[in-house]
Amino acid sequence: MRSTSALRTDSLSLLCAALGGAVLLFIIAPLASLCLSCSLPELAETAGDDEVQASIWLTLWTSMAATVFCAVAAIPLAYLLARKDFPLKGLVSGIIDLPVVIPHVAAGLALLTVVSRGAALGRAADKIGISFIGNSLAVMLAMAFVSVPYLINSARDGFAAVPERLEKAALSLGANPFRVFLTVSVPLAARPIISGMIMMWARGMSEFGAVMIIAYRPMITPVLIFERFSAFGLKYAQSVAVLFIAVCLVFFVVLRLLAGGKKDAQR
Amino acid sequence: MRSTSALRTDSLSLLCAALGGAVLLFIIAPLASLCLSCSLPELAETAGDDEVQASIWLTLWTSMAATVFCAVAAIPLAYLLARKDFPLKGLVSGIIDLPVVIPHVAAGLALLTVVSRGAALGRAADKIGISFIGNSLAVMLAMAFVSVPYLINSARDGFAAVPERLEKAALSLGANPFRVFLTVSVPLAARPIISGMIMMWARGMSEFGAVMIIAYRPMITPVLIFERFSAFGLKYAQSVAVLFIAVCLVFFVVLRLLAGGKKDAQR
Amino acid sequence: MLSVRQICKTYPGFGIKDVSFEVQQCEYFVLLGPTGAGKSVMLEIIAGLTRPDSGSVLLDGRDITGEKIQNRRISLVFQSSALFPHMSVYENVAYPLRWCGRTRSQIDQRVAKLADDFDFSHLLEARPQTLSGGESQRVSLARAVASEPRCLLLDEPLSSLDASSRCEIRSLLRNISANGQLILHVTHDYTEAVSLSTHIAVMEDARIAQIGTVEEIFQHPQSQFIARFVGIRNFFKGRLKAPEAGGTSLRHFATDGLSFSVLTDRPAGQGSVMVRSEDVTITNAASPTSARNNFAGPIVDIAPIGGGVEVIVDIGHGKSLEIAAIITNEAVSALELRLGKKVWVTFKAAAAIFIEG
Amino acid sequence: MLSVRQICKTYPGFGIKDVSFEVQQCEYFVLLGPTGAGKSVMLEIIAGLTRPDSGSVLLDGRDITGEKIQNRRISLVFQSSALFPHMSVYENVAYPLRWCGRTRSQIDQRVAKLADDFDFSHLLEARPQTLSGGESQRVSLARAVASEPRCLLLDEPLSSLDASSRCEIRSLLRNISANGQLILHVTHDYTEAVSLSTHIAVMEDARIAQIGTVEEIFQHPQSQFIARFVGIRNFFKGRLKAPEAGGTSLRHFATDGLSFSVLTDRPAGQGSVMVRSEDVTITNAASPTSARNNFAGPIVDIAPIGGGVEVIVDIGHGKSLEIAAIITNEAVSALELRLGKKVWVTFKAAAAIFIEG
């Protein structure tokens, strides 16, 4: 009794740990099972498959391009939401959250009604020689639509946490609002902004429903996995899935570490 | 110059507003276009369709059941993460975030490797007369897997915000840890827990990729929308999509309002 | 009886070393010390929120060092309110009474009694957020007492209150103590210690520097640190007399055969008078002065202290009653002060601070 | 010259009404008032962070009420450091110098000069988080001065510092002011006002209650509120003399033909001495006493104030020099005090507080 902490050994903690263990098992078991069902030679063979390589590259660059492109517009919006009061601010926040709540398949259909050759935007784009359908542009659109709320919300929280005192001080030192935004607000909110961009990128990479509707081809990896699964069965899909999961995790962990490292240098 | 605020009219705010407007338009335009492309008679007809009704009910109750079932195990885990320090806590947090990062199609494949008739769990379940495949249980599994991190993270933040002083006071008043957990910690973290459950439910409802792999039938609405789209084209899918978006939004807004109302009564 | 034996607890760069003390039944024990002296750690160890590295805590002879918090029967009251914000005042006070086999009406009665004793019957339906600081602290105390603790731990319970609530809670605490409740009160404010305690332990730098009654600590501090920390050497227990007719605020305070003039509007009763040594003047002969307190006696000590000289004069009749004055070196030579010389000590009524308790 | 004219600003349940004052070049202007008097709102209006409902702010004759913050040339220094945490000390000080056509070496020179003047040359590479409170405030001041503001606004710049840093920053501020910088300093602490200001405006309840020099405000407060808020009636400007050989801490302070004895270890120089009225004793005849300050003069005023009587004695030689004592009613009758009677006033050297500036 005396050698252990009164705080650590109570039965509530044990129960919590048991239930928590079940949740963790629920997450780990399927992933472990998936990974164990692929042999290394299978994985190596899949990694050498041109179609797989092409789809992974496509998925990586489209999701990153969508994130960077959206960031340019979304970060100033997040600043506005964090700093200014304006009428219907609640409505604007609600609209930003819509893509999170709307089923991805429906989101894909919604995008399709705008960019299909029959729709206004699609026709206009067609005239200047851009086609959304069957183009990586359509993939990016779908990815951006479902994932931009993650970036905006994270950046907004980041800006809200920057002390206004610092911005006021910078203004009083003669810096104009643009300079204050770029040299004070953005650097101080860099961590949550980058973390939001990583979230947005990860979310875009894993998107399936919306992309499937609007751009079955060029084939991003989730679509490829689905196609192989429905055409050839579990066996042929799972090695691609394992490879893709590995790529996602490696990128995610590396980006997180880079972002974390930046924090240590800064604060 | 003097009649307007120096803070409100700077050109930075105008630029932010312009860029923000573009982002909002990007979100609203496709949804508006989708809704406008369906006539009311079409919607009424779709709402009367038995298959559509059945799929919407199935989607609603499976996502809610998955949420409630997971909450029982996930809330104690969230408490543990918020209050105790233990070895490898960072790893546990990382594992919990895995389903967010892993592509949904791959998550579906991972679940399939565990519950398919060929796998250990699937065989065991088969023997006692439960079949995962083609069962609403499989739908729930898929929904729970991809959406449980939202609940855990929100509940953890909620518990972390409950002042430890209150729990200490309750313990010193003779309440055992279970009672403190149920009468102090959970009620005070109720708002973030409920908000996390709403998020988890909304995320589960909109899931497509994982469900598609593990349980094409019974058909949840996202799968039904996709099937109609691929079999009959945009025209036939979009009225189901609009109906489903409407159902999602109505439920989401109502639940949010109920949760918000509870807050006002409590604090 | 609460007994703390040789408690040690080390944190990185901080800790408490070999702390021992005993609190007898009916004592009001104050743990006094500056911020960072380790008072709060000591309190957490007694409450069971932290485990000591070594040493033991005994309550009524039973070793409770490894006992779970909820079984210790030690109630905590914090500086800021720890009322449960999602419950009404009634539910807060009823919290320790539920789940132990009491009937609904027994609980109702007990809460009503406590609300009456602690004067918040009109607030039973209120939410804690709507209470003032003083009201919150009254409810917190009632809730702590409701659990019938063997020992009541108070962590700076008056620090965040305004002056009038402070007075009110002090008299409540005196009542609780008078009912036989063992109390351990942690504070950095020596006026709280003077006003409430029967016994004081002064903590300095992670150790107990001195333990004793209020008089012992104030009149005979055992170290320079304690003398400086408690701040006031001239400390007298006695009784404030009722104001004389005529409506003046000048009042008499009787102590051991002497009577001081003090300015106060507090009701008559037991209490203490404190006078800063810096406010006391020494003269060789009595002369009419606006200062209302003038006493004669021999010098019993002259000691140089930082920036001046401390002169101690015994102004007691028969029984020794020492008063300290801090004066300049120049004054010592000008007045030709030496041990045994009879002098007059003078201080203004405004310099004599009365504290109830 | 900064000129504030009839500024009004209303918030729900709060506001400032019709505030006007002028700060001349080279003045050190202190806006003194209790928390909630509207000082900070006034400061935000001058800085351009808040717009007034009516009234105008003029800087050197130009109306800047609607001017953008960044074009006002008014620098702000806050109570807690507003240094940019993601930049080094060098980058912080260089911040206002960049983007206005200066070359790299011009900026380097200017920063080096400022770092030298403000004594943080050794900290140029440091991160703001690693600085002490005093160091942070020195860098903040240097950064504010670097932008060559027309007016420097200080919002309680000493409040969060310890005593020694406070002293250091005070002398820095005196230097900045001596260089001709127009300064507006907002504070609730009258010792800061005494120590630094040439002119004071006292704010009470959203209005300006009195404007004047330090002497005017302290010796002739125009309302009960101001008298109570500034706290000390006995306020004397003068010069502290160098310590005499012999190593005593008793020092002489010369003011208008009189010399006070004070206990201090500050260096010789200009400053003020303050004595609380409660610490002053009145006697009818001089007698040897340990109190080092004894002065004779006629009573020029006797006025009852809450709980006692304020007696004003003119102790000046030729020129009037009033000193106030608060004594009891009983003392007034016992000593037979009346207007014109010659009495002695006595206070201890320890009761005379010296403040530089």
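Coordinate-derived values only; no laboratory data. Computed from a prediction, not measured in an experiment: that's the story for all the values here. Methodologically, a virtual Cβ is constructed for each residue, glycine included, from the backbone with ideal geometry; neighbour enumeration extends over all protein chains shown.
Would you compute the Debye intensity of the range C:1-44 from its alpha-carbon atoms alone, equal scatterers and no solvent, and pass along log10 I(q)/I(0) at q = 0.18, 0.31, 0.32 Å⁻¹ to two decimals? Rounded to two decimals, the profile gives -0.57, -1.25, -1.28.
Position D:Gly269: other-copy label points at 5.2 nm, ordered by increasing distance, label point 7 Å along Cα→C-beta.
Global size of the protein assembly as shown: 38.1, 117 Å for Rg and Dmax (C-alpha atoms, Rg to one decimal, Dmax whole).
Of the peptides A:78-86, C:163-171, the ranking by mean beta-carbon count within 10 Å, highest at the top, reads A:78-86, C:163-171.
Using C-alpha pairs under 8 Å with a sequence gap of at least 6, the mean separation divided by the residue count of chain B gives a relative contact order of 27 percent.
Given Cβ point charges of +1 (Lys, Arg) and -1 (Asp, Glu) and nothing else, what value in debye, to the nearest 20, does the dipole of chain C about its Cα centre take?
It works out to roughly 500 debye.
When C:Arg251, C:Arg228 are sorted by how many other C-beta atoms sit within 10 angstrom of their C-beta, beginning with the fewest, the order is C:Arg228, C:Arg251. Annotation: the residues A:Thr62, C:Thr264, sorted from fewest to most other C-beta atoms within 10 Å of their own C-beta, follow the order C:Thr264, A:Thr62. Summing charges over neighbours of A:Gly134, with a neighbour being any other residue whose Cβ is under 13 Å away from its Cβ, gives +1 when K and R count +1 and D and E count -1. Using alpha-carbon positions, what is the distance between the centroids of the range B:194-255 and the range A:76-145, in Å? When both Cα centres are located, 19 Å separates them.
Ranking B:Ile152, B:Ala66, B:Ala120 by how far each Cα lies toward the positive end of the dipole of chain B (charges on Cβ) leaves B:Ile152 at the top. Across chain D, the relative contact order, built from alpha-carbon pairs under 8 Å that are at least six residues apart, equals 16 percent. Packing, taken as the mean count of other beta carbons within 10 Å per residue, orders the peptides C:99-112, C:148-161 from highest to lowest as C:148-161, C:99-112. Each of A:Ser206, A:Tyr236, A:Met219 was scored by the projection of its Cα onto the charge dipole of the range A:195-267, and the greatest displacement toward the positive side belongs to A:Ser206; charges sit on the C-beta of Lys, Arg, Asp and Glu. Summing Lys and Arg as +1 and Asp and Glu as -1 over all other residues whose Cβ lies under 12 Å from the Cβ of B:Met197 gives a net charge of +3.
Hey, got the dipole for the range B:49-266? About the Cα centre, +1 on K and R Cβ, -1 on D and E Cβ, debye to the nearest 20? Mind dumping the intermediate values first?
On the way: 18 positive and 12 negative charges, 101 e Å.
In debye, rounded to 20, the range B:49-266 gives about 480.
Counting charges near D:His199 (Lys, Arg +1; Asp, Glu -1) among other residues having Cβ under 12 Å from its Cβ returns a value of -4.
Can you pull the mean other chain C-beta count within 10 Å for peptide B:147-160?
The per-residue average across the peptide is 1.
Any idea what % of Cα-Cα pairs in the range A:113-267 are farther than 22 Å? Result: 59 percent of Cα pairs exceed 22 Å.
Each copy carries C:Asp63; placing its label point 7 Å along the C-beta direction from Cα gives inter-copy distances of 8.4 nm, listed from smallest up.
Summed over qualifying helices (DSSP H, 4 residues or more, each -39500 (n - 2.57)) and divided by its residue number, chain D shows a 222 nm mean residue ellipticity of -7000 deg cm²/dmol. Ranked by the mean number of other Cβ atoms within 10 Å of their residues, highest first, the peptides C:327-334, D:320-327 come out as D:320-327, C:327-334.
Taken as entire DSSP H runs, the helices of chain B that both span 20 Å or more between Cα atoms along their own long axis and average 1.0 or more on the Kyte-Doolittle scale are B:11-36, B:50-83, B:136-161, B:234-266. Membrane-span-like helices in chain D, defined purely by DSSP H runs whose alpha carbon atoms cover 15 Å or more axially and whose average Kyte-Doolittle hydropathy reaches -0.5, are D:133-146, D:163-178. Within 10 Å of the Cβ of each residue in D:345-353, the mean number of Cβ atoms contributed by other protein chains is 4.
For C:Glu204, the amide hydrogen comes within under 5 Å of the amide hydrogens of C:Ala209, counting only partners 5 or more places away or on other chains and with H modelled in the peptide plane. Taken about its Cα centre, the range A:1-142 carries a charge dipole of roughly 780 debye when the Cβ of each Lys and Arg holds +1 and the Cβ of each Asp and Glu holds -1. Considering only Cα atoms, the convex hull volume of the range D:299-357 works out to 123 Å³ per residue. Classify chain A from the C-alpha gyration tensor, please: rounded if a/c falls under 1.5, else prolate or oblate depending on whether a/b exceeds b/c. It comes out oblate by the Cα gyration axes.
With only Cα atoms counted, chain D has Rg and Dmax values of 23.3, 78 Å. Per-residue ellipticity at 222 nm from helix content only, as computed over chain A with -39500 (n - 2.57) for each DSSP H run of at least four residues, stands at -25500 deg cm²/dmol.
For the peptide D:273-286, the mean number of other protein chain Cβ atoms found within 10 angstrom of a residue's Cβ is 3.
Once you reduce the range C:295-357 and the range C:53-78 to the center of their Cα atoms, the two points are 46 Å from each other.
Considering the rotation that superimposes chain C on chain D, the residue of C whose beta-carbon lies nearest the axis, and that distance in Å, is C:Ser287, 2.
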